[in-house]
Each structure stands twice: as C-alpha cells, then as structure tokens.
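Reading through the structure tokens given below for one structure.
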C-alpha cells in the first residue's frame, strides 16, 4: 500500500512536470502557473494573455495554450473543475452585473475551449464561478489583484474507494480492527500528500 501511495504521488508530480515543460514559455511569461496540491493538480490561467479586462472572450493568442492543455489532459485521468475568480473591484455591465457573473462566464469559456475538439469527455467537467470570494492574495495592490484574476483548471485524482478506505484506515491509528469497509473513521484530507510551496512551477 505504501508503494502504491508513492506511485500515485510520483505520477501527479510527473504529470505536472510534463505539462510545465510544454508550457515553459507561458510559465516564464507569468500567463500560467502549475501547482500540485494534495490530490489535485492546479493549472492557474492568469487574466494576462487570456482575457481583456472585463471580458469573458478568450484572446486569440490563448488558443495555442488551450491546445497544449487538451493534449496533456487527454493522458491524465480524473475529473476536471474549471473555476473562475476575479479581484474585488466591482463590475456592473449589461453582460456582467457582478463579479460572480464574470467569473462564471470566463470559466465556461475556458471549459468550452477545452471540450471543443471532442477528445475530452464532457462528463469529466464541472464549472463554477467564485467571483472575488477566494483570492490568492489580499486585494490591496494592483499586482495582487492581477494575481487574483484567474481561471483555475483543477484535475482531481481518480478515486478508488477500496484504496481510499485502506489509506484512511492506515492513517487512523485509533480505529478498531472491525472498521466497516467503505466507512473509515480516520481523517485523510487533501493535504495528506501536499508538496512544499516551493514545488510550484
């Protein structure tokens, strides 16, 4: 079991490293950031180079990046969450009455781009907009607000109920020997295999 856990961790890291190599230019230009966090790989798409301010229409220059993402995601298992985020500066236009509307529209636009050629199973996708409710940095400076304006593509590790049950029982040292299968009592949160903060591409 320990060996299987290590293999899972290594696979997530390798997937992230492979994608980082494909997106080396975009990462260097601060358009994209890749992070492995627990059981998730997070691909952060910054507003810079993807959307004009206040718009949910992808810039033409971003489509080659989408192609690279689709090419990689074909070979990575797991559900995919597309999550839109904004800064705290209010928006109120005919198209976007609020930051929630803008964040949802941007997330949908990225999801459509990823699904457009039909090679990714649409059942893998979940789309949500968080508005300004989940900032990465305080919205106190223009630079911080730019960081917060993003769309996150989150790839979740496929869950094997039997493996998860065994892992949780291993982590619960106080659990009785007759723990019911499928209902472990020990905690095993997303940060179980979390990497250090410096392991972000």
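Given R₀ = 30 Å, FRET efficiency for residue 89-residue 61 by Cβ-Cβ distance, to 0.05?
Values: r = 24 Å, r/R0 = 0.80.
Once the sixth-power term is evaluated, E becomes 0.80.
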What distance in nm separates the two pseudo spin-label positions at residue 134 and residue 53, each 7 Å out from Cα along the beta-carbon direction? 2.6
Using 1/(1 + (r/R0)^6) with R0 = 41 angstrom and r between the beta carbons of residue 14 and residue 144, what's the FRET efficiency to the nearest 0.05? 0.80
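Each value in this text was obtained by applying a stated rule to the coordinates, not by laboratory testing. Given the structure is predicted, the values throughout are model-derived calculations rather than measurements. Glycine gets a Cβ as well: all are built from the backbone with ideal geometry, and neighbour counts include every protein chain shown.
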